[in-house]
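To start, the structure under review is shown below, and the notes come after it.
The values are calculated or read from the model by the stated rules, or taken from the named source; none is laboratory data. Everything numeric here is computed off the predicted structure, so don't read it as measured data. Backbone-built Cβ (ideal geometry, glycine too); neighbour counts: all protein chains shown.
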Amino acid sequence: MRPIAALLLLALVAPASASGLRVTEVTLVTEGDRAFIEATMRWERSWRGAESGDAAWVFAKVRSGQGGWDHARLLPYGHRLLHNHTDGPGPLFTVSDDSLGAFVLRDALAPAGPNHWRVRFALADSLGADVQARVFGLEMVYVPSGPFWLGDPEASETLPSGPDGRWDLFGAFYTVGEDGATADGAYRVSSADAIPVCDGPGSLCYTDSEYDGEGDNAGPIPAAFPNGFGSFYLMKYELTQGQYADFLNTLDRQQTANRAIHGARNYYRRGRGTIALVGDVYVAAHPDRACNYLSWDDAAAYTDWAALRPMTELEYEKAARGPLPPVSGEYAWGTTTILHGDSLFVGDEIAEAEDGRETIGGNANYLPNGVDWQRGYGAHLSGGDGGFGPLRAGIFEAAADGNRERAGAGYYGAMELSGSLFDRVVSAAHPTGRAFTGSHGDGRISYAGRATNSDWPGMDAEGLGLRGGSFAFNPRSLTVARRSFGAYASFYREVAMGYRAARTAP
C-alpha cells in the first residue's frame, strides 16, 4: 500500500461542535491500479430505528496539481471499516446509483449515540501522481416511503383561512368537499401517482390571493414530481456557513465571483454573517452557524456541486409532520406551542462565547409578537455575538435529551423546519415547479458557477416557494401548513434566506 497524496480536510464543522459531523485525516492511497480514500468520520447524535434514522452523505473532490477540483466517482463495492473507536455499531455504505456519493449509516439498530470510525472508500477511477483529495459530509435524516397528510384540518376555501380568519393557515392545502367548492379537512397523499388540483370533490386545493404568493390553483401535480410518498433523505440541519465556505474553496475565480455571498449588503453588520476571504481561502469564523444571504442561484449551485437536489413543498410537510394526522396550527415539532413563548429575544441569552457549544433557551428562532424587526434590527440576541439572525444549526437539540418538542425537531429528526431561516422548496403551485422531476446534481457546475439541471427552477426562481418562516417573522409564519409564500420566486440574497437539500433514497 503506497500513499500518493494526503490532504487534511478543512473541517465541515468546527472541532468544538456539539453534534456536527466531522470528516478529518483524509488520505488518498493506491493498491496496484486501484485508488482509495481513507478518512475519519465522527458525529455525536447518530441513531438508527426500525423505520428511520440518520446518515452521512459523503462525497469527494479530487484534483491533479493545481488544477480544478473534480467530483470523484465511487465503486458500488469495496468500502469498509478500518477501525471503530466506539463500542457501538459500525458503518453501512450505500452508494448512490450514479456513483457520486454514499450514504454512511449505522449497520444495526441503535439509540442515539456517537459514531467514530476510520473508513475506506473505493474510487471508481484510477488516479495519476500528484493528486489531492477532499472529502465532504452532510448529516441527513431518512424519510421512509408511505402515506402522509398535507395542509390543516381547519384550512378553508376563503382567505386568510379557517375560522376567524386564521393567518397561520394562509394558503394551506385542503381536500375539496363533496359539494365541489368548500374545504373538507387536510389532504392525504396515499401514493406516488399524479395529484388532481382544485378539480372537484376529493382533489387537493388551496386558496390563492391577489398577491398570488400561494400559487396558480392549477394541476395536476405530475407523478414524476417528488410528492413525498417515496423515500428520500433530507439535510438534518440548514446549510451552514462553514459548509458554504468549503464549497467556495473548491471553485475557480470566475465561479467564486458569482457565488461569494460575503459582499451582500449588511452581511456582517446585520445578518450575523462570518464568511470572509483570508488570503486565498474562504473561512467562516462561526462554521456551525446557519448560512443566510443565499440567493436561489447560490443554493442551486451548492446542491448541484454536492450531487443533491432541492426538496419539494410536499416533502417539507412530510419531513415536519411524518405520517401523523395534522394538528391544526402545529409547528414542525408537532404541537401548537413555542416553548419559550416570546422570550427568545427578551429574556433568553446565548450562553458564553459562540464557539460551537453555546446554548440558548426555547425551541425556535423567530420574531416575537410585538417586536418591530426594522427598528430593533441587530439588537435582539443577547450574549455571544449579539445581533439579529441565524444561530448555530441544531442549537436547541443539545439540551433536549431526545425530546422532539424541546429540540424543535421534525418527525424524522430534521432541525429548524420552523423558524431560523426560510426553507426554499420547489412549489407544486407553479408550472415550472410542477415540471421538476427530482434530478440530482452531477457534482459539476457551470463555468459561471451555476447549476445545470434543466428540470430545476432557473435563475429567476420561478417555480420556487418558501416554507417554515424565519427569525424575522412572527409565530403564525412558522406553522407547517402556512403557504403565504408557497409559490414565491425568492431569487435574491436576503438576511432570512437559507437552504437545505435532499436526495431521493437509493
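General observations
- Among the candidates GLU157, GLU178, the residue that is on the phi < 0 side of the Ramachandran plot and either surrounded by 16 or more Cβ atoms within 10 Å (Cβ to Cβ) or touching a residue at least 24 places away in the same chain (Cβ under 8 Å) (or both) is uniquely GLU157.
- Of all the residues in segment 237-274, those that are under 19 Å from ARG424 (Cβ atoms) and touching a Cys at 6+ places or on another chain (Cβ under 9 Å) number 8.
- Here PHE170, PHE103, PHE136 are screened, and the one residue that is outside the structural domain of GLU44 (by TED's automatic domain parsing) and under 26 Å from GLU416 (Cβ atoms) is PHE170.
- Among the residues making up segment 186-202, a single one is buried (at least 17 other Cβ atoms within 10 Å of the Cβ) and of a type in the set (Gly, Ala, Ser): ALA186.
- Unique match (being without any contact (Cβ under 8 Å) to a residue 60 or more places away in the chain, within 20 Å of ALA502 (Cα to Cα), of a type outside the set (Asp, Glu) and crowded, with 21+ Cβ neighbours inside 10 Å) among LEU74, LEU21: LEU74
- The one condition in (1) surrounded by fewer than 22 Cβ atoms within 10 Å (Cβ to Cβ); (2) at pLDDT below 85; (3) over 21 Å from the mean Cα position of the chain (by Cα) that LEU344 fails to fulfil: (1)
- Identity of the residue in segment 212-265, in a helix (DSSP H, G or I) and free of Cβ contacts under 8 Å to residues at least 40 places away in the same chain, that ends up nearest to PRO287 (Cα to Cα): LEU248
- Identity of the residue in segment 461-472, within 27 Å of ALA307 (Cα to Cα) and either of a type in the set (Gly, Ala, Ser) or modelled with pLDDT under 95 (or both), that ends up nearest to the chain's Cα centre (by Cα): GLY468
- Condition broken by ASP442, with the remaining ones in (1) touching a residue at least 60 places away in the same chain (Cβ under 8 Å); (2) within 29 Å of GLY271 (Cα to Cα) satisfied: (2)
- Test: residue in segment 485-503 that is outside any loop (DSSP other than H, G, I, E, B), of a type in the set (Lys, Arg) and either over 18 Å from the mean Cα position of the chain (by Cα) or on the phi > 0 side of the Ramachandran plot (or both): no
- Qualifying residue in segment 473-482 (condition: of a type in the set (A, V, I, L, M, F, W, C), over 21 Å from LEU239 (Cβ atoms) and at pLDDT 95 or above): yes
- From SER46, SER52, residue being surrounded by 20 or more Cβ atoms within 10 Å (Cβ to Cβ) and farther than 21 Å from ALA306 by Cα: SER46
- Hey, TYR244 under 24 Å from ILE395 (Cβ atoms), out of contact with any strand residue (DSSP E or B) (no Cβ under 6 Å at 6 or more places or on another chain), assigned by TED's automatic domain parsing to the domain that holds ALA276 and surrounded by 19 or more Cβ atoms within 10 Å (Cβ to Cβ) or not: yes
- Here PRO111, PRO76, PRO89 are screened, and the one residue that is modelled with pLDDT under 95, in the same structural domain as SER46 (by TED's automatic domain parsing) and of a type outside the set (A, V, I, L, M, F, W, C) is PRO111.
- Annotation note: of ALA409, ALA398, ALA414, the sole residue that is at pLDDT below 95 and among the hydrophobic types (A, V, I, L, M, F, W, C) is ALA398.
- Of the residues making up segment 455-483, those that are assigned to a loop (DSSP other than H, G, I, E, B), under 20 Å from TYR331 (Cα atoms) and out of contact with any helix residue (DSSP H, G or I) (no Cβ under 7 Å at 6 or more places or on another chain) are SER470, PHE471, PHE473, ASN474, ARG483.
- Residue list for segment 360-384, restricted to those being surrounded by fewer than 16 Cβ atoms within 10 Å (Cβ to Cβ), at pLDDT 70 or above and assigned to a loop (DSSP other than H, G, I, E, B): GLY361
- ASP98 being over 27 Å from the mean Cα position of the chain (by Cα), assigned to a loop (DSSP other than H, G, I, E, B) and either among the acidic types (Asp, Glu) or surrounded by 14 or more Cβ atoms within 10 Å (Cβ to Cβ) (or both): no
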